[in-house]
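The values are calculated or read from the model by the stated rules, or taken from the named source; none is laboratory data. These numbers were taken from a predicted model, which means no experiment stands behind them. Methodologically, a virtual Cβ is constructed for each residue, glycine included, from the backbone with ideal geometry; neighbour enumeration extends over all protein chains shown.
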Amino acid sequence: MLKIEGLRVKYGADEVVRGVDLAVKKGECVGLVGESGCGKTTVGLSAARLIDARKGKIVSGKILFEGRDILEFDAEGLRKLRGRRISYVFQEPFSSLNPVFTVHEQLKEALREKGKAQEAISEILKSVGLEKISGKKNIYPHELSGGMQQRVMIAMAIASRPDLVILDEPTTALDVSVQNQILELIAELKEKMNLSILFISHDLRIVFSMADRINVMYAGRIVESGPKKDIVSQPRHPYTKGLIGSIPSLKNRKKRFEAIEGKTPLFSDLPKGCKFYPRCKFRIEKCEDEEPAIENISGDHFARCVRAKELV
Amino acid sequence: MELLKVKNLKKIFPKHKVAAVDGVDISISKGEIYGLVGESGCGKSTIARAILRLIEVQEGSVLYKEQDLLKMPYRKMRAFRKSLQMIFQDPHTSLDPRVKIGEIIEEVFIIHDNLSQQERRNKTLETLEMVGLGEAYLGRLPSELSGGERQRVGIARALATDPEFIICDEPVSSLDISVQAQILNLLMDLQKRKNLTYLFISHDLGVVGSICDRVSVMRKGRFVETAPCEEIFASPKHEYTKTLLNASRLHFR
Amino acid sequence: MNKLILSGAAIVIFFAIVALFAPLLSPYDPGEIDIENILTGPSPEHLLGTDSLGRDLFSRMVYGTRISLLVGLIAVGISALIGVILGSLAGYYGRWVDTLIMRFVDVMLCFPAFFLILAVIALLEPSIINIMIIIGVTSWMGVARLIRAEILSLKERDFIYAEKAIGASDLRIISRHLIPNAMGPVLVSVTLGVAAAILVESSLSFLGIGVQPPTPSWGNILSEGKSVMGAAWWMLFFPGLAIFITVLGYNLLGEGIRENILKT
């Protein structure tokens, strides 16, 4: 469905996406996880060609949607692509909705076929669990809670019956109890509509519960990728191990976390070799000079670490 | 020994009319980490601020070593502030953007101790080193620091008065997960080293579960459940606790 | 930095230098009367001409710059001081302190300021110091409102709660943490205020109740000029131009600061 190859994106002088390969198959939910500033949102925005041209620039790479490179699309082609085939859900539901239009008006905009709009809108609102407002035409975004707003955003995203939905931290701004409802809704819609999803989040726990495949991103590159169960039970990259060690768990109650030391490097000041080298517990001399290539571990599991095979 | 006892605390914000905190009782022993879990707007931050008398409440008492902080004259309260401190949620708004890191910490010594400039500098450095920050940070502004580093400064500021009791108000919820683990480690280390007592506030039951001894679950200004952590996780009684537990994904593996 | 700030600052700095080095720049004593050269037009000896007593207009303009700027700056200094103190007290303490101060502001704003100044001057004698004080005490209300609004939002920020938690006194919180963070908009207001004060001083002097001759100010030169308007255009043109450019300079600078520095 979606295949990103060798994507490089620059913001000013900083290259924040430094060669990313990623694929989303039909009906699959692929997680892209990493911490703030690792470039994950930029990857998501690039996949829908939503990078603000004044700030950032796709330097090289291919973004293949059903085999066609969308980087070569013209404005009209892009409009059709984004309106019908690819949808994007942002982190902040409130700032993503236009406050001066009603929910109905905004949903109508998003519909692919405008005929029988009223019925279609009611139908969509019901499908995202908003039966309460499906009959009401004059509801404005500010009258809804954060969770309901995010449901509206999701309704808008699926209104055009897209094939691919990119969800960028869709529950981060919401309360924990509402988070779960939204995630359940996403999972349910995915099954029902056979959606392909690129799920971007900083929260490993959420990605683990949603995604079939997981890509871990660090300093602008994928450092590990593989099926969920491999990543959870046998992480190979020291960064992935550190992230998992940082998740609170009841087994290690009142014990220190196996945290990652140090801090994320700035894009303007990246280490020369492996970008994780200065923080890595397992580093060897070789890591300092050369950034390792991503290597196959087993089956569909890849890691960008020279010691990946020995670190079990 | 009971260090802090909150009795029937009530706070109504005049604009909202509904009680933000509606009759809450807490009792915390010396050396304990007491968790307070709830979602945004449930009143947990209001409790934190009320205990330290940063806001006024309508009813209730806060006994610290058997003295009621809420009825204490202003001057006496200022002296008590040394032993009760607070760490804030958002390290971006909890540090004055115009004041250098060294001065933020030094200010505490200016207020409370009568020291020479050299002694103050030494103590400032000592305090920063406790949280893993060195001399290089003295002259920097908050905007030049990462979120995790700023939160360390916030912790250092709280430690500077050499307190016994610290309220941690969502100290890790705006941080990345790897930084969160670093800060939680730091807080646990400091607690052991200095035998501190924490009231640890969070919306994340997972975080609370991994570091606290006891926990209260709060909803709409009231406690729905209070129990030792193991008990809450093994057999949550209240439906709301179960919802939060489910959302915290403690059993993701 | 953009064009607004640069051109504004250039004008402001130019006049500041003129004021500072007035004795060096002026070829004649500004009070020196020369009966033989009354109302001569601009010439190599008298760059901007002479007035009805034969005094060198250029020299008088240069010294006038001193007076006009001094009055503007000190008046604004006084108004900023009052405004910042009252505004921060109102914002920080709220309740009856706020009510009292803000109603006082409303009352002050009810008086047409210029007539208030006229009335006060009529009672007191119109010395330079009195003018500065009067302009100052009748123009602090804008600053007070700005500071109050800033402090109302700043005092709910966590770093202020943190200051209270470490036991900082109200005085320390207000002076070390609130006011410095609230000064941005005040800076703009003060810069614009200088322009306004210079205009008020010029108007007062023009009406003959401001800075009194023989001390030169742009306003009273202009005032003298109006009686000889037909015979000596330079007596109106140059002081008018100086006032216009200076006011423009401060306004440009103020707008520039607002648009560039405060937004970032």
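Structure notes:
- Residue pairs meeting the criteria (Cβ under 7 Å; at least 6 apart or on separate chains; first touching a residue at least 40 places away in the same chain (Cβ under 8 Å), in the range C:59-84; second small (Gly, Ala, Ser) and not in a helix (DSSP H, G or I)): C:VAL62/C:SER26; C:TYR63/C:SER26; C:GLY64/C:SER217; C:ILE67/C:SER217; C:SER68/C:SER217; C:SER79/C:SER139
- Tally of residues being surrounded by fewer than 15 Cβ atoms within 10 Å (Cβ to Cβ) and facing chain B (nearest Cβ under 7 Å) across the range C:152-173: 0
- Pairs with Cβ under 6 Å, 6+ apart, first in the range C:253-264 and under 10 Å from C:LEU4 (Cα atoms), second exposed (fewer than 13 other Cβ atoms within 10 Å of the Cβ) and at pLDDT 75 or above: C:ASN260/C:ASN2
- Which numbered condition B:ARG78 misses (of (1) more than 8 Å from every other protein chain (Cβ to nearest Cβ); (2) surrounded by fewer than 18 Cβ atoms within 10 Å (Cβ to Cβ); (3) at negative phi; (4) charged (D, E, K, R)): (1)
- Within the range B:81-108, the set of residues being more than 7 Å from chain C (Cβ to nearest Cβ) and of a type in the set (Val, Ile, Thr) comprises B:ILE87, B:VAL99, B:ILE101, B:ILE104, B:ILE105.
- Residue within the range C:20-28 that is farther than 21 Å from C:ILE128 by Cβ and over 25 Å from the mean Cα position of the chain (by Cα) present: yes
- Of the residues screened, B:SER216 is not one that is within 11 Å of another protein chain (Cβ to nearest Cβ) and outside any loop (DSSP other than H, G, I, E, B).
- Count - residues of the range A:2-34 that are in a loop (DSSP other than H, G, I, E, B) and crowded, with 21+ Cβ neighbours inside 10 Å: 1
- Search result, residues across the range A:202-222 that are within 14 Å of chain B (Cβ to nearest Cβ) and either farther than 17 Å from B:GLN180 by Cβ or assigned to a strand (DSSP E or B) (or both): A:SER209, A:MET210, A:ALA211, A:ILE214, A:VAL216, A:MET217, A:TYR218, A:ALA219
- Flag: B:LEU115 matches the condition of being surrounded by 14 or more Cβ atoms within 10 Å (Cβ to Cβ), away from every other protein chain (no Cβ under 13 Å), assigned to a loop (DSSP other than H, G, I, E, B) and not small (Gly, Ala, Ser).
- Just one of (1) in contact with a Leu (Cβ under 8 Å, 6 or more places away or on another chain); (2) part of a loop (DSSP other than H, G, I, E, B); (3) more than 11 Å from chain C (Cβ to nearest Cβ) fails for B:THR124. It is (2).
- Pairing residues of the range C:192-208 that are within 20 Å of C:VAL12 (Cα to Cα) with residues that are aromatic (Phe, Trp, Tyr) and in a helix (DSSP H, G or I), at Cβ distances under 7 Å and at least 6 apart in sequence or on separate chains, gives C:LEU192/C:TYR250; C:VAL194/C:TYR250; C:ALA195/C:TYR250; C:SER202/C:TRP218.
- Of all residues in the range A:114-126, those that are modelled with pLDDT under 80 have Cβ atoms under 8 Å from Cβ atoms of residues that are outside any helix (DSSP H, G or I) and surrounded by 14 or more Cβ atoms within 10 Å (Cβ to Cβ), 6 or more apart or on another chain, in A:ALA117/A:LEU111.
- Near pairs, Cβ below 9 angstrom, 6+ apart or cross-chain, from the range B:210-225 (within 19 Å of B:GLY23 (Cβ to Cβ) and free of Cβ contacts under 8 Å to residues at least 24 places away in the same chain) to any residue that is surrounded by fewer than 20 Cβ atoms within 10 Å (Cβ to Cβ) and basic (Lys, Arg): B:VAL224/B:LYS237; B:GLU225/B:LYS237
- If you go through the range A:78-95 and keep only what is more than 15 Å from A:VAL165 (Cα to Cα) and either without any contact (Cβ under 8 Å) to a residue 12 or more places away in the chain or buried (at least 17 other Cβ atoms within 10 Å of the Cβ) (or both), you end up with A:ARG79, A:PRO93, A:SER95.
- Selected residue (criterion: farthest from the other protein chains (Cβ to nearest Cβ)) from residues of the range A:259-277 that are surrounded by 15 or more Cβ atoms within 10 Å (Cβ to Cβ) and among the small types (Gly, Ala, Ser): A:GLY273
- The one condition in (1) surrounded by fewer than 22 Cβ atoms within 10 Å (Cβ to Cβ); (2) under 26 Å from B:HIS203 (Cβ atoms); (3) not β-branched (Val, Ile, Thr) that A:ASP212 fails to fulfil: (2)
- Condition broken by A:TYR88, with the remaining ones in (1) part of a loop (DSSP other than H, G, I, E, B); (2) of a type in the set (Phe, Trp, Tyr); (3) under 30 Å from A:TYR239 (Cβ atoms) satisfied: (1)
- Some residue of the range C:137-148 being in contact with a helix residue (DSSP H, G or I) (Cβ under 6 Å, 6 or more places away or on another chain), within 14 Å of chain B (Cβ to nearest Cβ) and not in a loop (DSSP other than H, G, I, E, B): no
- Test for A:CYS280: is it at pLDDT 85 or above, away from chain B (no Cβ under 13 Å) and buried (at least 16 other Cβ atoms within 10 Å of the Cβ): no
- Apart from one condition, A:LYS286 fits all of (1) in a helix (DSSP H, G or I); (2) within 14 Å of chain B (Cβ to nearest Cβ); (3) surrounded by fewer than 17 Cβ atoms within 10 Å (Cβ to Cβ); the exception is (2).
- If the condition is being touching a Cys at 6+ places or on another chain (Cβ under 7 Å) and either without any contact (Cβ under 8 Å) to a residue 60 or more places away in the chain or part of a helix (DSSP H, G or I) (or both), then the range B:166-207 contributes only B:LEU187.
- Taken over the range B:43-75, the residue count meeting the criterion of being over 19 Å from the mean Cα position of the chain (by Cα), under 18 Å from B:LYS220 (Cα atoms) and crowded, with 16+ Cβ neighbours inside 10 Å is 1.
- Qualifying residue in the range A:226-242 (condition: under 30 Å from B:VAL131 (Cα atoms), surrounded by 15 or more Cβ atoms within 10 Å (Cβ to Cβ), within 11 Å of chain B (Cβ to nearest Cβ) and aliphatic (A, V, I, L, M)): no
- Residue selected from the range A:170-201 under the condition part of a loop (DSSP other than H, G, I, E, B) and surrounded by fewer than 21 Cβ atoms within 10 Å (Cβ to Cβ), by the criterion farthest from the other protein chains (Cβ to nearest Cβ): A:ASN194
- Among (1) within 30 Å of C:GLY256 (Cα to Cα); (2) among the small types (Gly, Ala, Ser); (3) touching a residue at least 40 places away in the same chain (Cβ under 8 Å) - the single one C:SER153 does not satisfy: (3)
- The residues on offer are B:LEU245, B:LEU145, B:LEU186, and the sole one that is within 12 Å of chain A (Cβ to nearest Cβ), touching a Pro at 6+ places or on another chain (Cβ under 7 Å) and surrounded by fewer than 22 Cβ atoms within 10 Å (Cβ to Cβ) is B:LEU245.
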